[in-house]
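The values are calculated or read from the model by the stated rules, or taken from the named source; none is laboratory data. Because the structure is predicted, anything quoted here is derived from the model rather than measured. Please note: Cβ atoms are built from the backbone with ideal geometry, for glycine as well, and neighbour counts cover all protein chains shown.
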Amino acid sequence: MTTVRDLRAMAGEDPITMLTAYDATTAELVEESGVDVILVGDSLGNVVLGHDSTLPVTMEEMASHTAAVVRGTDDALVVTDLPFLSIGADRGDSIENAGRLLKEAGANAVKLESGPHTVELTERLTDLGIPVMAHLGLTPQHVNRLGYTRQGTSQDAAEEIRDLAVAHEDAGAFALVLEHVPANLAAAVTDELDIPTIGIGAGPDCDGQVLVVDDAVGLSESTPPFAEAFGEVRSAYTDALDDYVAAVEDGQFPSGEHSHVAEDLDLD
Ligand code: KIV
């Protein structure tokens with residue numbers, strides 16, 4: 001069983017692999033591939049639930065999909081996202097929502113889209129026994145303020161990300177996701193921190209990498225510029241569906257091997 005302590009020990013030693021999953025079957029396949037961390041991202045909203053952003057994702061949806069991923073997992077560390085507005089408005093609610101994803105859904109840790117407002121909460125959750133993965137750079141819950149563009153490209157913005165990274169490490173975060181930031185900024189942050197950085201669109205020098213699983217296997221219709229498809233699952237999927245429809249329409253399916261006859265029935 002991978003723990004947050006194992007992950008911390010991998011910083012600068014072993015490249016960390018992380019992929020998203022939103023259901024038990026995918027979690028099983030991802031784990032079989034040897035991935036260290038499974039992230040139940042709130043990208044659930046765009047990838048699975050058909051929304052055009054992560055903003056509509058609810059606590060109930062995160063809890064349900066996290067529990068499914070946990071049921072499909074034996075060894076990988078399961079980290080789950082706190083969705084938009086589940087933290088920040090009220091301290092008690094923030095703690096309760098984070099705790100619920102561990103207590104009810106069985107996650108091992110939570111990820112917070114981070115900023116100045118999450119430093120104190122990271123410390124409190126860590127003190128309470130809820131491990132926190134921080135997330136800086138492009139934070140999709142802030143799409144209405146930041147868009148989906150690269151972050152940390154000006155001197156001030158880069159320094160703010162670096163300072164917040166240090167502040168979250170000091171507050172007790174066990175790892176940090178850096179999304180869509182310059183590779184040299186990610187390298188500098190990785191150098192400065194003891195906890196591992198996990199990059200997505202942040203260059204090769206982070207301690208680990210994360211992708212949305214549908215992008216990684218080639219199931220997504222379109223992918224961000226920093227993602228790579230390592231397979232062609234979408235075309236394999238559509239070929240299989242086309243073949244099924246054709247086989248039913250042609251009367252080829254089901255055949256004798258898919259059917260059974262109960263000889264003793266008197267149906268006259
Ligand atoms: O929600 C998500 O899938 C994420 C990853 C892209 C890091 O936050």
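The set of residues in the stretch 48-77 being acidic (Asp, Glu), more than 16 Å from the chain's Cα centre (by Cα) and over 16 Å from residue 29 (Cβ atoms) consists of 52, 60. When the criteria are applied in full, residue 97 fails the requirement of being more than 17 Å from residue 161 (Cα to Cα), over 17 Å from the mean Cα position of the chain (by Cα) and surrounded by fewer than 14 Cβ atoms within 10 Å (Cβ to Cβ).
Here residue 14 clears all of (1) out of contact with any helix residue (DSSP H, G or I) (no Cβ under 9 Å at 6 or more places or on another chain); (2) in contact (Cβ under 8 Å) with a residue 12 or more places away in the chain; (3) not in a helix (DSSP H, G or I) except the condition numbered (2).
Quick check: is even one residue across the stretch 91-106 touching a Leu at 6+ places or on another chain (Cβ under 8 Å) and either within 13 Å of the ligand (Cβ to nearest atom) or in a loop (DSSP other than H, G, I, E, B) (or both)?
Looking for residues that are touching a Leu at 6+ places or on another chain (Cβ under 8 Å) and either within 13 Å of the ligand (Cβ to nearest atom) or in a loop (DSSP other than H, G, I, E, B) (or both), one finds none in the stretch 91-106, hence no.
Is it the case, given these coordinates, that residue 147 is closer than 21 Å to residue 7 by Cβ and either modelled with pLDDT of 95 or more or not acidic (Asp, Glu) (or both)? No: the conditions fail for residue 147.
With respect to the conditions (1) within 14 Å of the ligand (Cβ to nearest atom); (2) free of Cβ contacts under 8 Å to residues at least 40 places away in the same chain, residue 81 lacks only one, and its number is (2). One residue is enough: does the stretch 226-235 have a residue meeting the conditions more than 12 Å from the ligand (Cβ to nearest atom), within 20 Å of residue 149 (Cα to Cα) and in a loop (DSSP other than H, G, I, E, B)? Checking the stretch 226-235: at least one residue is more than 12 Å from the ligand (Cβ to nearest atom), within 20 Å of residue 149 (Cα to Cα) and in a loop (DSSP other than H, G, I, E, B).
The residues of the stretch 31-43 that are within 13 Å of the ligand (Cβ to nearest atom) and either part of a helix (DSSP H, G or I) or hydroxyl-bearing (Ser, Thr, Tyr) (or both) amount to a single one, 43.
Annotation note: of 139, 118, 80, the sole residue that is under 30 Å from residue 157 (Cα atoms), over 15 Å from the mean Cα position of the chain (by Cα) and of a type in the set (Ser, Thr, Tyr) is 118. From the residues in the stretch 164-199 that are more than 21 Å from residue 43 (Cβ to Cβ) and of a type in the set (Asp, Glu), which one is nearest to the ligand (Cβ to nearest atom)? Checked the stretch 164-199; the qualifying residue nearest to the ligand (Cβ to nearest atom) is 169. None of 107, 187, 167 is of a type in the set (A, V, I, L, M, F, W, C), modelled with pLDDT of 95 or more and buried (at least 22 other Cβ atoms within 10 Å of the Cβ) except 107. Residues of the stretch 71-90 that are touching an Asp or Glu at 6+ places or on another chain (Cβ under 7 Å), in a loop (DSSP other than H, G, I, E, B) and acidic (Asp, Glu): 74, 75.
Counting only residues that are part of a helix (DSSP H, G or I) and within 12 Å of the ligand (Cβ to nearest atom), which one in the stretch 107-141 is nearest to residue 18 (Cα to Cα)? Taking the candidates together, the pick is 140. Sort out which residues of the stretch 100-135 are touching a residue at least 24 places away in the same chain (Cβ under 8 Å), among the charged types (D, E, K, R) and closer than 24 Å to residue 27 by Cβ, and write them in order of number. Result: 100, 104, 111, 113.
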